1. Suppose a student asked you for the relative contact order of chain A, using Cα pairs under 8 Å spaced at least 6 residues apart; what percent would you report?
2. In units of 2.2 N^0.38 Å, what is the alpha-carbon radius of gyration of region A:99-221?
3. Grab the eigenvalues of the alpha-carbon gyration tensor for chain B, scale each by 5, take roots, and send me the semi-axes largest first in whole angstrom.
4. Treating the point 7 Å from Cα along Cα-beta-carbon as the label, what are the nm separations from A:Leu281 to the other copies, to one decimal?
5. With runs of 4+ DSSP H residues as the only contributors, calculate the mean residue ellipticity of chain B at 222 nm using -39,500 (n - 2.57) per run, divided by the residue total and rounded to the nearest 500.
6. Mind checking which helices in chain A clear 30 Å along their axis (Cα) and have mean Kyte-Doolittle hydropathy of -0.5 or more, DSSP H runs only?
7. Kindly state, to the nearest 0.05, the FRET efficiency for B:Arg26 paired with A:Arg263, given R0 = 51 Å and r defined as their beta-carbon distance.
8. Pop a pseudo-label 7 angstrom from the Cα along the beta-carbon direction at both A:Ser47 and A:Glu163 and give the gap in nm to one decimal.
Protein chains: 2
Amino acid sequence: MKDARTIGVFDSGFGGLTVLRALVERMPQARFVFAGDTARLPYGSKSRRTVARYAAESAQFLVRAQGAESLVIACNTASALALDAIQDAVPVPVLGVIEPGAQAARAATATGDVLVMATDATVQSHAYRAACSGQGLRSLEKACPLLVPLVEEGWTEHAVTEEVVRIYLNELRGEAEAKGMLADTLVLGCTHYPLLRPVIERVIEQMPRDRSAIAMRVIDSAESTAEAAVRLFDADGRAQAGAAGAETEIRCFATDSVEKFERLGSRFLGRPVGKVELIDLGG
Amino acid sequence: MKDARTIGVFDSGFGGLTVLRALVERMPQARFVFAGDTARLPYGSKSRRTVARYAAESAQFLVRAQGAESLVIACNTASALALDAIQDAVPVPVLGVIEPGAQAARAATATGDVLVMATDATVQSHAYRAACSGQGLRSLEKACPLLVPLVEEGWTEHAVTEEVVRIYLNELRGEAEAKGMLADTLVLGCTHYPLLRPVIERVIEQMPRDRSAIAMRVIDSAESTAEAAVRLFDADGRAQAGAAGAETEIRCFATDSVEKFERLGSRFLGRPVGKVELIDLGG
């Protein structure tokens, strides 16, 4: 289809491929260009100014060099620290991952109390707390720094991972109960975590219900972001009308470390990532 | 002491503080300047050219701006990929962490077969294999990507960490036995791993002895590097003659993320790191 729109997807690494996967499922006739700034990851340890500069450079590459007509920032740190800067840097609609997660939490929760698991950097930015508060929700965020390396080790169904998830969830729920919260919704606030959704849901199932006696709903911000992208970028419904996603055109770019991207990326994307093209965005 | 020598210590992050700790114990009268290039870590995912440029910039900062008269590269990736480039960039003696680890392994082993645990990037460089081979040793390297995040989570004595160490060591020893090796020496090839030495030694103690029936010796490359530094930089024995290390002058610099450095660094250094000074090395 010559008239397929081009959607740019940006991440500091390749975790955002889970967001791309969710987008492809919903808009199979769109053309996707993904850029992972792997040479300069992790963004989480960098200052707001540095993250804004890096993310703006990648956004400009996707729009100017690759013709993206809209952008999804599939990176929690860049969404938290640099969404405004990216919107200023490019003349196309830009969607981050945090706001859609908070909106999905509002739609899911009955109690109004929400738990968030994320990386240390995302928690320190308190971006989910702010977004949840904007939706009228109380939230409690917990940094879970072992989950990304467990996913990258491929231990998505491993007993060690189940134990680590159980420890984190017990701590998080204990802290929430101590604050008098009745949390019924858990937001996965990291693009790696969709690969842990089965183990997380299994651990939740095994945990004793808290005072609320309500089952915990899991919100996957990759799914929520893809749904928001359909609403925002695809008002005319053109893309969804198309064929299955197997033929969707996807080009992936990385600023370094193409080997790891190609080796691990397919598990995140749910299909082969193919040849990842190396780009140089500078120092 | 006005005439104390100044030793520069460089790492991409703050893990190299374990090497600094070992140096301070042996040369308490020296003056130490430590630079962590935290804004641009991890080096492990970057190309040789990029690592060489970054490491050379930090080395020049330590020598030109801070007056270092010798340098310890307390970073496995920079030692593996950029030792030559650093030696070319500064007019002072430069010591990496890999060669001393291999030399200590040669001194320790009876069978000549050595196991190495390291990060993915260090293993992919095969720098320990090359250094061990240079010492006439057979070696087998294993990437243990969960160990750094477990240390940074503070789980140095946690049951999960013990289980992960057991899994990694079992896999490593199984691979070694399949190759007909009789390994009696384990090199800790990452600056974070000295904090796991107690749990690693406990796991080794609990493991059934292999065919060699020899207890496994653990070589901590931070200790080995400090011993090599004394031999290389302190031929006249001036520094060791001094007072206890508590008064040793240490200045720490980081290119970003000073908060995490200050919060976690003390555990690596074995004493408070004090105020970490922010420097800008560019890009």
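1. It comes to 27 percent, rounded to a whole number.
2. 0.97
3. Semi-axes, largest first: 30, 20, 19 Å.
4. List, nearest first: 2.2 nm.
5. Dividing the helical sum by the residues of chain B leaves -13000 deg cm²/dmol.
6. Details: long enough: none.
Span-like helices in chain A: none at all.
7. Efficiency, rounded to the nearest 0.05: 0.80.
8. 4.2 nm
Bear in mind these aren't lab numbers, they're just calculated from the coordinates by the rules spelled out. Treat the numbers as computed from the prediction; the structure is a model and nothing was measured. Positions of Cβ are backbone-derived with ideal geometry, glycine not excepted, and every protein chain shown enters the neighbour counts.
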